[in-house]
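Asks: Got a structure for you, written out below as structure tokens; questions coming shortly.
The values are calculated or read from the model by the stated rules, or taken from the named source; none is laboratory data. Everything numeric here is computed off the predicted structure, so don't read it as measured data. Cβ atoms come from the backbone with ideal geometry, glycine included; neighbour counts cover every protein chain shown. Quick note on the areas: whole protein, heavy atoms, side chains included, nothing else; ligands and nucleic acids left out. Shrake-Rupley method; radii C 1.70, N 1.55, O 1.52, S 1.80 Å.
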Amino acid sequence: MVRGFAVNDIRLQGIGMTSRRTRDRLIVRLREQNIQDEKVLAVIKETPRHIFIDEALAHRAYEDTALPISFNQTISQPYIVAKMTEVLLAGGPLKHVLEVGTGSGYQTAILAQLVEQVFSVERIKPLQDKARHRFRQMGLKNIRLQHTDGGMGWSSKAPFDGIMVTAAPQEIPEELLAQLAIGGRLVIPVGQEQQQLKLVVRVNVRDYDTRIIENVRFVPLLAGTIQ
């Protein structure tokens, strides 16, 4: 399933360094790095990453690199967005997905075009407010947002058949494991100095299978909220 949106605004279409030709080059790079899910690649190609970053950095939007946003946060490298999304979806279509860390909203927008419903939590309210505006620009209507401590997840909407975490805790939070449906998939970076991207699949009520995907670098998952 790929949910499209109407691109009827020059700001969304992009020009110059944010044009479709520049996006095409990014997709070539992602394929070279072994991203194989064509639905994921198609959504990344169509999603205007430049609207999720400050205008001063818009010319770098389709470089395969992380970029700074407000509050010492970053918008993830497109390869990492593609990889995490591909791993999350590898078990089949997902209906009910939790994202921990809305941030700029870019990863949220990618997910929203590939799953039925995204529930995204963010501890920094100004970031979440900006992300909400971007979702409206794109006409994405299957995203629910909550301002809360991310490590606690969103228990009232659980269980989730997919959970994606976009900041790194030192250990996988028990609260998130408890909110994962049987057969559900959790994709999460874990660690402090040496971080690893992990996939956790819930086998039954008590048991989880965990495997390491690759080494990564994310901002830490912090407790508390910022208004």
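Asks: Any chance you could count how many residues in segment 128-141 are open to solvent by less than 40 Å² (accessible area, probe 1.4 Å) and within 17 Å of HIS50 (Cβ to Cβ)?
Replies: Within segment 128-141, residues that are open to solvent by less than 40 Å² (accessible area, probe 1.4 Å) and within 17 Å of HIS50 (Cβ to Cβ) number 5.
Asks: I've got another one for you. (1) in contact (Cβ under 8 Å) with a residue 60 or more places away in the chain; (2) among the β-branched types (Val, Ile, Thr); (3) crowded, with 19+ Cβ neighbours inside 10 Å: which one isn't true of ILE213, the others all being true?
Replies: Among (1) in contact (Cβ under 8 Å) with a residue 60 or more places away in the chain; (2) among the β-branched types (Val, Ile, Thr); (3) crowded, with 19+ Cβ neighbours inside 10 Å, ILE213 violates only (3).
Asks: Consider segment 86-110. How many of its residues are under 22 Å from GLY150 (Cα atoms) and either open to solvent by 50 Å² or more (accessible area, probe 1.4 Å) or assigned to a loop (DSSP other than H, G, I, E, B) (or both)?
Replies: Final tally of qualifying residues: 8.
Asks: Which of the residues spanning segment 110-149 are touching a Pro at 6+ places or on another chain (Cβ under 9 Å) and either of a type in the set (Asp, Glu) or within 29 Å of ILE182 (Cβ to Cβ) (or both)?
Replies: Within segment 110-149, LEU114, VAL115, GLU116 meet the criteria.
Asks: Since SER120 meets every condition but one in (1) of a type in the set (Ser, Thr, Tyr); (2) without any contact (Cβ under 8 Å) to a residue 12 or more places away in the chain; (3) under 29 Å from LYS39 (Cβ atoms), which condition does it not meet?
Replies: (2)
For (1) within 23 Å of GLN128 (Cβ to Cβ); (2) touching a strand residue (DSSP E or B) at 6+ places or on another chain (Cβ under 6 Å), each residue gets a yes or a no:
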site	(1), (2)
ILE143	yes, yes
THR166	yes, no
LEU186	yes, yes
VAL200	no, yes
TYR208	no, yes
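Asks: Could I ask something else about it? Being in contact (Cβ under 8 Å) with a residue 60 or more places away in the chain and surrounded by 20 or more Cβ atoms within 10 Å (Cβ to Cβ) is the requirement here; does LYS83 meet it?
Replies: For LYS83, the condition - in contact (Cβ under 8 Å) with a residue 60 or more places away in the chain and surrounded by 20 or more Cβ atoms within 10 Å (Cβ to Cβ) - is met.
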